[in-house]
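Novice: I have a structure I would like to understand better, so I am pasting it below and will then ask my questions one at a time.
The values are calculated or read from the model by the stated rules, or taken from the named source; none is laboratory data. This is a predicted model, so every value here is computed, not measured. When we count neighbours, we look across all protein chains shown, and the Cβ atoms used for this are built from the backbone with ideal geometry, even at glycine.
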Amino acid sequence: MKAARVIGQNELTVEKIKKPILDKEKNILVKTKKVGICGSDRHILHGTNPLATIPRIVGHEVVGVVDEIYGDTQLNIGDHVVVEPIRPCGECYACSQNRPNVCKNLVVFGVHEDGGMREYFSINEKQLHKVDNNLSFEKSVLIEPLTIGAQATSRGNLQDGDTLLIQGAGPIGLCILRYAKLKDVKIIISDLDQSRLDYAKEQGADITINVKEKDLISEVNKITNGEGVNVSIDAVCIPKTFELSILVASAAGRVVVLGFDEQPANIVQMPITKNELTIVGSRLQTYKFTEVIKNMENGKFDDFDLVTHQFELSEATKAFEYIDKHPEQVKKAIINFN
Ligand SMILES: [Zn+2]
Ligand SMILES: [Zn+2]
């Protein structure tokens, strides 16, 4: 069988490896069907993901079919499954607080251990969620990215009637948008790229702001009659957008941060105290797969056509290069398996 492995900075090979053998711990063999390429996979390839170790088979947005089972399990051969990438220790403080996504000893599939960009992989059934076999793989490959949207909106305690600002209309911003749309909220989205904003509008954004032409703070003030947005999510993740996300928040507002940037931002205490803001991080997801799968099976994301580019496993290198060269064209690229 074949696998796409990052072997060094900007070095990806598609190589032959042994098919895994099942045991008690890794009791399910999955035949991979589709794997989404995510910004974090690209960071691993470019050597800019400080959390990852190489060599590494990347891929954490993974759907496949149960091919073989070891011992007793709830799953059956032929079941369609999506991978839950996080494997927490169950013993640290975060785990005791029911927040395994920030476990001190967290192992993420495709980051800290080999992921899904291979024809078969073995994994414990705890990390697999069954999905309706009638759901297309092209759709179910979006489940993991949508869990990121589910996490960000829940971390922001998004409520019916809220006004939400999402900075950034890339794949993460769009997944947040689609998840937020499940509630009765007014959604403003900002970006520098008009075509991304046009797509966000098609996907249900109420108001778009092109920050190349307009000032975000004054636009938000106009739209909200000076109140600011109740939930402010930064999916651009640079110091400037973090600063803005605080300045546009309303009294009693929530600010959600998803970035890993290590550059300091210029943040003052005044708006935080005056408005009693809640500023929270949002990383990966906690227990969000079940609700995302249910919503997808109920047709909530039928018109979410995020996948714009598809490649074969043998073209993995080309796929990554293509995204680097044409970031404006690619919303989500995926790797197809037989
Ligand atoms: Zn991802
Ligand atoms: Zn833990």
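Novice: Could you tell me which of the residues ASN225, ASN221 is farther than 30 Å from ASN133 by Cα and part of a helix (DSSP H, G or I)?
Specialist: On the way: ASN225 fails: part of a helix (DSSP H, G or I).
The match here is ASN221.
Novice: Which residue pairs have Cβ atoms under 6 Å apart, sit 6 or more places apart or on different chains, and have a first residue in the range 148-171 that is over 20 Å from VAL220 (Cα atoms) and a second that is within 16 Å of ligand 2 (Cβ to nearest atom)?
Specialist: GLN151/GLN285
Novice: Still on this structure, please answer the following. Counting only residues that are under 19 Å from LYS126 (Cβ atoms) and touching a strand residue (DSSP E or B) at 6+ places or on another chain (Cβ under 7 Å), which one in the range 13-30 is nearest to ligand 1 (Cβ to nearest atom)?
Specialist: Taking the candidates together, the pick is VAL30.
Novice: List pairs: first in the range 116-134 and within 28 Å of GLY299 (Cα to Cα), second assigned to a strand (DSSP E or B) and small (Gly, Ala, Ser), Cβ under 6 Å, 6+ apart or cross-chain?
Specialist: MET117/ALA4
Listed here are the residues, each with its yes/no results for (1) more than 15 Å from GLY116 (Cβ to Cβ); (2) under 18 Å from the mean Cα position of the chain (by Cα); (3) among the charged types (D, E, K, R).
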residue: LYS34; (1), (2), (3): no, yes, yes
residue: SER40; (1), (2), (3): no, yes, no
residue: HIS46; (1), (2), (3): yes, no, no
residue: ARG56; (1), (2), (3): no, no, yes
residue: VAL62; (1), (2), (3): no, yes, no
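Novice: I would also like to ask the following. For the subset of the range 200-231 comprising residues that are in contact with a Gly (Cβ under 9 Å, 6 or more places away or on another chain) and polar (S, T, N, Q), which member is surrounded by the fewest Cβ atoms within 10 Å (Cβ to Cβ)?
Specialist: Filtering first and then ranking leaves ASN221.
Novice: Still on this structure: Please go through the range 248-271 and give me each residue that is surrounded by fewer than 16 Cβ atoms within 10 Å (Cβ to Cβ) and of a type outside the set (Val, Ile, Thr), ordered by number.
Specialist: Listed by number, the residues that qualify are ALA251, ALA252, PHE260, ASP261, GLU262, GLN263, PRO264, ASN266, GLN269, MET270.
Novice: Go through (1) surrounded by 17 or more Cβ atoms within 10 Å (Cβ to Cβ); (2) closer than 27 Å to ASN133 by Cβ and name the single condition GLU68 misses.
Specialist: GLU68 satisfies every listed condition except (1).
Novice: Quick one: would you say THR73 is assigned to a loop (DSSP other than H, G, I, E, B) and within 16 Å of ligand 1 (Cβ to nearest atom)?
Specialist: On the way: assigned to a loop (DSSP other than H, G, I, E, B): yes; within 16 Å of ligand 1 (Cβ to nearest atom): no.
No.
Novice: Tell me which helices (runs of 4 or more DSSP H) are completely within the range 268-332 and hold 2 or more residues being modelled with pLDDT of 95 or more and closer than 25 Å to GLY204 by Cβ, or say none if there are none.
Specialist: Numbers: elements: 270-274, 289-297, 316-325.
The helices (runs of 4 or more DSSP H) meeting that bar are 289-297.
Novice: Can you pull out every residue in the range 292-319 that is farther than 15 Å from SER140 by Cα and hydroxyl-bearing (Ser, Thr, Tyr)?
Specialist: Filtering the range 292-319 down to residues farther than 15 Å from SER140 by Cα leaves 309, 311-319.
SER314, THR317 - these are the residues of the range 292-319 that are farther than 15 Å from SER140 by Cα and hydroxyl-bearing (Ser, Thr, Tyr).
Novice: I need the full set of residues from the range 103-160 which are more than 16 Å from ligand 1 (Cβ to nearest atom), over 30 Å from ASP184 (Cβ atoms) and assigned to a helix (DSSP H, G or I), in order please.
Specialist: Correct list: GLU125, LYS126, PHE137.
Novice: Run down LEU45, LEU51 and say which single residue is within 15 Å of ligand 1 (Cβ to nearest atom) and surrounded by fewer than 14 Cβ atoms within 10 Å (Cβ to Cβ). Please lay out each step first, then the result.
Specialist: Numbers: LEU45 fails: surrounded by fewer than 14 Cβ atoms within 10 Å (Cβ to Cβ).
From the options LEU45, LEU51, the qualifying one is LEU51.
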